[in-house]
Amino acid sequence: MSNSIQILGPRGNTLSVQAAGEGQTLFLLHGFPLDQRLWQYQLEGLSDRLHVVAVQMRGFGSSTLDEPDFSLAELAQDVDFLRQHLAGGQTIWLAGLSMGGYVGLEYWRQYANQLRGLILCHTKPTTDNETGKAGRIATGQKALAEGTWAAVEPMFGKLLSEQTVASKPEIVTLVRSMMQSVAPATVAAAQNAMAQRRDFTEQLPTIQLPTLVIAGQSDAIAPASEGEAWSSKIPNASFVIIPNTAHLSPLENPTVFNQTLLKFLGV
Ligand code: MLT
């Protein structure tokens, strides 16, 4: 059983999380354009051993977007504000998926001392090239002009594996519902923020924390072969491929995802 918690954030916006359990705190950061429902099986399946906190980033789920723009650095500051309020100021484990992984690396850059370890799922340390950045700006503009679904629908077919689509219609419905529920202004703000994100490639050898890098067997957005290559630059990292998954292994194969996490956390 998880609880929904709303907290007034540092800039007057409402930050919303879903939390369950007790013990060491594990923060979970969703990808784009999703929300805390990405982590429903982790809230259920890990909270008998951990204090699990699924964060909804500004504008996503019931967290509000009170300024038209944000940076990934500011999203990491929100996470630390939540850590101070929800983890009693203690150190946390931090798991981020895709955009959540970009925020996770930003959190590490600003607050490494507050981390027990990092779990980077279906993500990458690099920035976009100029074409990629222009595509993000165009996606944001399309969302504002034509609505969220028109802008994000091209991503939909890349998020789930063939196995998930064939055998888990409820996951297909859930992912579509999460995507459709994001406001156009949030799509634009998140795309602008991701277009401006830092490149962490050079910093990877300086990450001293225990780190787990998770990839999906058929993820075309963050390919496993690339994940294996960049994770090898982090001195204390393990790399795991979750079978039968594309970009969303916490939902697509929660049993193997949760076992992998528990083994890494040692709880
Ligand atoms: C995500 O899943 O968060 C997105 O694929 C991230 C991105 O657009 O780079």
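The values are calculated or read from the model by the stated rules, or taken from the named source; none is laboratory data. Predicted model, so just to flag it, every value in this text is computed and none were measured. Here the Cβ is made from the backbone with ideal geometry for all residues, glycine too, and neighbour counts use every protein chain on show. Heavy atoms of the whole protein, side chains included, go into the accessibility calculation; ligands, DNA and RNA do not. Shrake-Rupley method; radii C 1.70, N 1.55, O 1.52, S 1.80 Å.
Key figures
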item	result
Count of the stretch 135-173 residues which are within 23 Å of Cys121 (Cβ to Cβ) and open to solvent by less than 30 Å² (accessible area, probe 1.4 Å)	7
Residue count for the stretch 218-239, restricted to those that are within 16 Å of the ligand (Cβ to nearest atom) and buried (at least 17 other Cβ atoms within 10 Å of the Cβ)	6
Residues of the stretch 171-216 satisfying the condition of being part of a helix (DSSP H, G or I), touching a Leu at 6+ places or on another chain (Cβ under 7 Å) and of a type outside the set (A, V, I, L, M)	Pro184, Thr186
Strands (runs of 3 or more DSSP E) within the stretch 1-118 that include 2 or more residues surrounded by 19 or more Cβ atoms within 10 Å (Cβ to Cβ) and touching a Cys at 6+ places or on another chain (Cβ under 7 Å)	92-97
Every pair of residues 6+ apart whose Cβ atoms lie under 6 Å, when the first sits in the stretch 205-217 and is open to solvent by 10 Å² or more (accessible area, probe 1.4 Å) while the second is of a type in the set (Gly, Ala, Ser)	Leu209/Gly117; Pro210/Gly117
Count - residues of the stretch 154-165 that are away from the ligand (no atom under 14 Å from the Cβ) and of a type outside the set (A, V, I, L, M)	4
Index of the failed condition, Val187 passing every other in (1) open to solvent by 10 Å² or more (accessible area, probe 1.4 Å); (2) touching a Ser or Thr at 6+ places or on another chain (Cβ under 6 Å)	(1)
Subset tally (residues that are away from the ligand (no atom under 16 Å from the Cβ) and either farther than 23 Å from Val240 by Cβ or of a type outside the set (A, V, I, L, M, F, W, C) (or both)) for the stretch 106-127	7
Residue list for the stretch 240-267, restricted to those being in contact with a Phe, Trp or Tyr (Cβ under 9 Å, 6 or more places away or on another chain), crowded, with 16+ Cβ neighbours inside 10 Å and closer than 26 Å to Met155 by Cα	Val240, Ile242, Thr245, Ser249, Pro250, Leu251, Pro254, Phe257, Asn258
Among the candidates Pro169, Pro210, Pro250, Pro205, residue that is more than 22 Å from Asn129 (Cβ to Cβ) and within 13 Å of the ligand (Cβ to nearest atom)	Pro250
